[in-house]
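Accompanying notes for the structure given below.
The values are calculated or read from the model by the stated rules, or taken from the named source; none is laboratory data. Nothing here was measured: the structure is a model prediction, and the numbers come from that model. So basically every Cβ, Gly included, is an ideal-geometry build from the backbone, and we count neighbours across all protein chains shown.
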Amino acid sequence: MIWNEEIETMSRQDLEELQLKKLQKTVKQAFDKIPYYNKKYSALEVYPEDIETLKDIEKLPFITKDDLRESYPFGLFAVDIKDIKELHSSSGTTGKPVVSGYTEKDLDTWAETIARGLTMMGIGEEDILQNTHGYGMFTGGFGVHYGSHKVGAAIIPISTGQTRRQIEIMQDFGTTGLIFTPSYGIHLAEVAIEDGIDPKDLNIKAIGFGAEMWTEEIRQKVEDLYGAKAYNIYGLTELMGPGVGIECEAQNGLHIPEDIYYPEIIDPNTQEVLGPNQKGELVLTNLEREGMPVIRFRTKDLTEITYEKCDCGRTHGRISRITGRSDDMIKVKGVAIFPSQIEKALLNAGDVEPHYMIIVTRPETLDKIEIKVEISEDIFFDGVKEMVSIKERIEKSVENETGIRAKITLVEPKSLPRFEGKAKRVIDERDLH
């Protein structure tokens, strides 16, 4: 079944014509309504009328997370605040977070992208969808929420946590679809098994998961535990939220709703646009957004795209599973973390040297993060009690800054490696390929 057959099975030629019309409209709207774009494009002597073909998008500069932060909070809005009906933000890494604003029409567009994805997963009006993604300022919970309304499914907005309550609700309410991060989904299943409940007996028919890095082995484990197919969901707060890419029943790449997002793949070093089936950094442009159109956003996510028609009959491009980043960001337990956040937390804690190493592992199914920190010589050799106090201060400071608990290991001065060029602060030992 296909949610929007006319659009999702459109010929490439018709789709590209539609994309061009929407791109021209979006660029004009951004140029006319948003000073940031007007100033940037004018400085480069590129104007809306210069966008005559889709390839002309390459004349436009990229936009980055830093640009979005500098426009905090509403500098990239194309409409008056009275027309904004919802506000979300990503977690701040240094300084201010990225704010995303939505008009009523934007919320409907967002719901449309998720409705297409839920239909790919076989979720419809007969289903009860349990959503363990977080609500609040995080976009994860809300995108799925709106999409479930659109397809007519009943939504259980339980968010993360209350693990045994989650299992009880699955049993009592007859949940048929689950949304979770893979690590939390496996944890849910393991707790159920501890309590003598076989997750397969919960009669889950489809699972949507994402928001953290995972492997095909992890997907297989999830599917084996629940006896249901698990579908990859990808999204970014900057562009709208989840729904930028979702897998169909073929599980062979994530379909991008190309009438809503225009994808490009670039070489992250040269910024040259690459062709199909070439791995690089994903760049995305909103084609259908009133409140805050984002044009040529560098996601930093590494993937490749194919435009071959999928076995499911859909014609829109598909990206492969994200397997890495072109920057220092890591995702741990579904939370985006930058070394700069750890650095800030360490500085706030005091009594430590500016030398640290972040080590991420996944010994079983859950991510673990350890931070090795050098402390000053006199404390390391003289004060055991003082070291315990410092360690506790750092743990608390890191949790306040990132929202997650990390193991802190204090090490002696000059024991961590030094770098002449860019410091390598992160060792990710998870096998994510």
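Couple of notes before you dig in:
- Some residue of region 248-260 being out of contact with any Asp or Glu (no Cβ under 9 Å at 6 or more places or on another chain), outside any loop (DSSP other than H, G, I, E, B) and either at pLDDT below 95 or not hydrophobic (A, V, I, L, M, F, W, C) (or both): no
- Filter result (farther than 18 Å from residue 317 by Cα and either surrounded by 24 or more Cβ atoms within 10 Å (Cβ to Cβ) or within 18 Å of the chain's Cα centre (by Cα) (or both)) within region 279-292: 289, 291, 292
- Given (1) in contact (Cβ under 8 Å) with a residue 40 or more places away in the chain; (2) more than 20 Å from residue 304 (Cα to Cα), number of the condition residue 271 does not satisfy: (2)
- Positions within region 204-224 being at pLDDT 95 or above and of a type outside the set (Asp, Glu), in sequence order: 204, 205, 206, 207, 208
- Residue 87 being touching an Asp or Glu at 6+ places or on another chain (Cβ under 9 Å) and either under 24 Å from residue 143 (Cβ atoms) or modelled with pLDDT of 95 or more (or both): no
- Per-region count, region 242-254, residues surrounded by fewer than 24 Cβ atoms within 10 Å (Cβ to Cβ) and under 17 Å from the mean Cα position of the chain (by Cα): 1
The rows are residues; the columns are (1) under 30 Å from residue 312 (Cβ atoms); (2) small (Gly, Ala, Ser).
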site: 60; (1), (2): no, no
site: 74; (1), (2): no, no
site: 89; (1), (2): no, yes
site: 121; (1), (2): yes, no
site: 128; (1), (2): yes, no
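- Hits in region 117-141 - residues which are in a helix (DSSP H, G or I) and modelled with pLDDT of 95 or more: 117, 118, 119, 120
- Scanning region 49-66 for residues that are buried (at least 18 other Cβ atoms within 10 Å of the Cβ) and modelled with pLDDT of 95 or more yields a count of 4.
- Within region 67-104, being polar (S, T, N, Q), crowded, with 18+ Cβ neighbours inside 10 Å and closer than 30 Å to residue 326 by Cα holds for 71, 89, 90, 93, 100.
- The residues listed here are 265, 295; of these, the one that is over 22 Å from residue 140 (Cβ atoms), assigned to a loop (DSSP other than H, G, I, E, B) and modelled with pLDDT of 95 or more is 295.
- Residue 208 being in contact with a strand residue (DSSP E or B) (Cβ under 8 Å, 6 or more places away or on another chain), part of a strand (DSSP E or B) and farther than 22 Å from residue 173 by Cα: no
- Restricted to region 344-374, and to residues there that are among the charged types (D, E, K, R) and assigned to a loop (DSSP other than H, G, I, E, B), the residue that is modelled with the lowest pLDDT is 351.
- Flag if residue 135 is farther than 24 Å from residue 99 by Cβ and hydroxyl-bearing (Ser, Thr, Tyr): no
- Helices (runs of 4 or more DSSP H) (entirely within region 1-87) containing at least 2 residues that are small (Gly, Ala, Ser), farther than 18 Å from residue 238 by Cα and in contact with a Leu (Cβ under 9 Å, 6 or more places away or on another chain): none
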